[in-house]
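The values are calculated or read from the model by the stated rules, or taken from the named source; none is laboratory data. Just so it is clear, the model here is predicted, and its values are computed rather than measured. All Cβ positions, glycine included, derive from the backbone under ideal geometry; neighbour counts span all protein chains shown.
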Amino acid sequence: MLQEVMHSKNQDTELTSNGYRLVTIEEVRRDPEVVALLHAANATMKALGYTEHGQRHAGLVGNIAQNVLEHLGYDQRTFQLANVAGYLHDIGNTIHRQNHALSGSLMAWSILKRMGMSPQECAMIMNAIGNHEEERGFATTAVAAAVIIGDKADVHRSRVQNASMEDFDIHDRVNYAAKRSFVRVTAENKVIALELEIDTYYAAVIEYFEIFLSRMTMMRQACEFLGCKYQLIINDTQFA
């Protein structure tokens, strides 16, 4: 992913030799269109009774994706693109929950092309967004694999949007029970571990497996694509 770049004389940004902009995660985060779409996406998900899918989730997924590739020694631009893809991965929920990965990838193309990103980089981000759903996603690039890992690792009580515990469903209970979630990358041993601390007062560990088995399977495939072993550690006990 290394590219010949030059500094623009007219604006504080870097350009490729073909004149495309190296769009940064900071630009994406403050873009009014992106902000509006993430707000709308989360409002839709909240109305449907889902956990948080807004700027908090977007930022965390992007940061985890970047961290994974950075620790594994990928070049700077590749892990920067993973952060951008992670931040944009759920914007399709603005339109509809079903097939939101497909609609989100097309929406990202429009946004990033407007911002001056190269078609090659746009395509990589579109692929990552389009492959993050459990029903049909599959990692075929490092960026896609990193986004999958970041997305499936976000299990935490801060995601619960239901104000009343009496109305919690199993997804609310499991997320609320998760007091800590952390993705640990051990590059020397080629291991990517999801470490969870679950308060069993709110949800049994078995309930995590009930609703997240497909996510774990997808996360394992992503780790294997990156040449790493997947580990799941809950309350200091290794399950995978």
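Quick check: is even one residue across the range 35-57 part of a helix (DSSP H, G or I), of a type outside the set (S, T, N, Q), at pLDDT 95 or above and touching a Leu at 6+ places or on another chain (Cβ under 7 Å)?
Among the residues of the range 35-57, not one is part of a helix (DSSP H, G or I), of a type outside the set (S, T, N, Q), at pLDDT 95 or above and touching a Leu at 6+ places or on another chain (Cβ under 7 Å), which makes the answer no.
One residue is enough: does the range 80-94 have a residue meeting the conditions in contact with a Cys (Cβ under 9 Å, 6 or more places away or on another chain) and under 23 Å from Val155 (Cβ atoms)? Write out each step before concluding.
Of the range 80-94, the ones in contact with a Cys (Cβ under 9 Å, 6 or more places away or on another chain) are none.
No, the range 80-94 contains no residue that is in contact with a Cys (Cβ under 9 Å, 6 or more places away or on another chain) and under 23 Å from Val155 (Cβ atoms).
State yes or no: is Met124 among the hydrophobic types (A, V, I, L, M, F, W, C), over 17 Å from the mean Cα position of the chain (by Cα), surrounded by 15 or more Cβ atoms within 10 Å (Cβ to Cβ) and under 20 Å from Val34 (Cα atoms)?
Values: among the hydrophobic types (A, V, I, L, M, F, W, C): yes; over 17 Å from the mean Cα position of the chain (by Cα): no; surrounded by 15 or more Cβ atoms within 10 Å (Cβ to Cβ): yes; under 20 Å from Val34 (Cα atoms): yes.
Spelling it out, it is not the case that Met124 is among the hydrophobic types (A, V, I, L, M, F, W, C), over 17 Å from the mean Cα position of the chain (by Cα), surrounded by 15 or more Cβ atoms within 10 Å (Cβ to Cβ) and under 20 Å from Val34 (Cα atoms).
For the range 79-120, how many residues meet the condition of being buried (at least 20 other Cβ atoms within 10 Å of the Cβ), closer than 20 Å to Ala139 by Cβ, over 12 Å from the mean Cα position of the chain (by Cα) and not hydrophobic (A, V, I, L, M, F, W, C)?
Residues in the range 79-120 being buried (at least 20 other Cβ atoms within 10 Å of the Cβ), closer than 20 Å to Ala139 by Cβ, over 12 Å from the mean Cα position of the chain (by Cα) and not hydrophobic (A, V, I, L, M, F, W, C): 5 in total.
Can you tell me which residue is farthest from Val147 (Cα to Cα) among those in the range 198-208 that are in contact (Cβ under 8 Å) with a residue 12 or more places away in the chain and out of contact with any helix residue (DSSP H, G or I) (no Cβ under 6 Å at 6 or more places or on another chain)?
Here is the first cut: in the range 198-208, the ones in contact (Cβ under 8 Å) with a residue 12 or more places away in the chain are 198-203, 205, 207-208.
In the following step, the residues that additionally are out of contact with any helix residue (DSSP H, G or I) (no Cβ under 6 Å at 6 or more places or on another chain) were identified as 200-201, 205.
On the way: Thr200: 28, Tyr201: 31, Val205: 25 Å.
Only one residue fits best here, namely Tyr201.
Among the numbered conditions (1) modelled with pLDDT of 95 or more; (2) over 22 Å from Arg180 (Cα atoms); (3) under 11 Å from the mean Cα position of the chain (by Cα); (4) not polar (S, T, N, Q), tell me where Glu133 comes up short.
Every condition holds for Glu133 apart from (1).
So, Ala123, is that one under 29 Å from Glu27 (Cα atoms) and free of Cβ contacts under 8 Å to residues at least 12 places away in the same chain or not?
Working: under 29 Å from Glu27 (Cα atoms): yes; free of Cβ contacts under 8 Å to residues at least 12 places away in the same chain: yes.
Considered against the rule, which asks whether it is under 29 Å from Glu27 (Cα atoms) and free of Cβ contacts under 8 Å to residues at least 12 places away in the same chain, Ala123 comes out as yes.
Residues Leu194, Leu213, Leu226: which one is loosely packed, with under 14 Cβ neighbours inside 10 Å, aliphatic (A, V, I, L, M) and within 19 Å of His132 (Cα to Cα)? Show your work before the answer.
Details: Leu194 fails: loosely packed, with under 14 Cβ neighbours inside 10 Å; Leu226 fails: loosely packed, with under 14 Cβ neighbours inside 10 Å.
When all the criteria are applied, what remains is Leu213.
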